[in-house]
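Trainee: Let me give you the structure first, and then I'll get to my questions.
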Amino acid sequence: MNLIVAVDKNWAIGKNNELLVRIPADQKFFRETTTGKVVVMGRKTLESFPNGLPLKNRTNIVLTRNPNYQVKDAIVVHSMDELHEELKKYNSEDIFVIGGEKIYEQMLDECDIAHVTKINYAYDADAYFPNLDEKDDWELVGDSEEQTYFDLEFYFYLYKRKQ
């Protein structure tokens with residue numbers, strides 16, 4: 001299973017249920033990487049999308065504790081057990097965990113590949129991603145040239161879980 005995330009230099013991912021910054025090249029990378037795949041997210045992440053609608057051209061799976069929560073064009077599950085049953089239907093290489101903070105924490109140990117866009121800036125944030133550079137079971141295996149968006153520097157990193 002994969003995960004995909006954009007983090008700042010402190011591994012922050014959001015504030016007030018919003019992304020810290022929207023970088024067109026990162027959004028394009030996200031779209032190209034996840035289109036045609038399965039995306040797993042929490043309810044708050046779904047609700048942060050435009051009009052709170054699922055992502056087009058992807059199988060959207062939303063994890064929420066709310067038993068009455070329903071979303072058109074998305075699969076809603078209410079527990080980790082239910083999520084695991086649903087995920088058995090798909091090739092794990094086609095599954096991308098896309099957030100938010102709690103979902104990343106719950107699913108990190110089940111992922112083998114992490115696509116991390118690292119922004120060289122520290123934002124005011126209230127949601128974070130685990131720092132993979134401090135985890136012994138993860139290693140950086142690929143990185144891009146420095147990218148810029150106005151005055152922001154960022155990099156595309158690929159981490160893999162050590163076998």
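Trainee: R0 = 30 Å: FRET efficiency of ARG161 with PHE49, Cβ-based, nearest 0.05?
Mentor: It comes to 0.60.
Trainee: Scale the Cα Rg of the range 53-163 by the rule-of-thumb value 2.2 N^0.38 Å and send over the ratio, two decimals.
Mentor: Here the Cα radius of gyration is 1.23 times the empirical estimate.
Trainee: If R0 is 35 Å, what FRET efficiency do you get for LYS56 and LYS135 from their C-beta distance, rounded to 0.05?
Mentor: Efficiency for this residue pair is about 0.60.
Trainee: Ok, one more. Give me the percent of DSSP beta bridges within the chain that run antiparallel, rounded to the nearest 5.
Mentor: Beta bridges within the chain, antiparallel portion: roughly 50 percent.
Trainee: Within straight cross-link reach of LYS160, meaning Cα distance under 24 Å, which lysines are found once same-chain residues fewer than 8 apart are removed?
Mentor: In chain and number order, the partners are LYS9, LYS28, LYS37, LYS88, LYS89, LYS102, LYS118, LYS135.
Trainee: Based on alpha-carbon centroids, what's the gap between the range 86-136 and the range 12-40 in Å, whole number please?
Mentor: A separation of 11 Å, based on Cα centres.
Trainee: Antiparallel as a % of all DSSP beta bridges within the range 1-85, to the nearest 5?
Mentor: Working: 2 of 10 bridges.
DSSP beta bridges in the range 1-85 are roughly 20 percent antiparallel.
Trainee: Based on the mean of other beta carbon atoms within 10 Å per residue, what is the order of 48-55, 126-133, most packed first?
Mentor: 126-133, 48-55
Trainee: Let me ask something additional. For the range 20-140, what % of the accessible area comes from carbon and sulfur atoms, probe 1.4 Å?
Mentor: 45 percent
Trainee: Also, quick follow-up: Taking the mean number of other Cβ atoms within 10 Å as a proxy for protection, how do you rank 84-90, 107-113 from highest to lowest?
Mentor: Per-residue Cβ counts within 10 Å, averaged per peptide and sorted highest first, yield 107-113, 84-90.
Trainee: Probe of 1.4 angstrom, ligands and nucleic acids ignored: what's the accessible area per residue over the chain, in square angstrom?
Mentor: For the chain, the solvent-accessible area averages 57 Å² per residue.
Trainee: Once you list every other residue whose beta carbon is under 14 Å from the beta carbon of THR148, what net charge do they have if Lys and Arg are +1 and Asp and Glu are -1?
Mentor: -4
The values are calculated or read from the model by the stated rules, or taken from the named source; none is laboratory data. Predicted model, so just to flag it, every value in this text is computed and none were measured. Methodologically, a virtual Cβ is constructed for each residue, glycine included, from the backbone with ideal geometry; neighbour enumeration extends over all protein chains shown. Remember, those area values only see protein heavy atoms, side chains included, never the ligands or the DNA or RNA. Shrake-Rupley method; radii C 1.70, N 1.55, O 1.52, S 1.80 Å.
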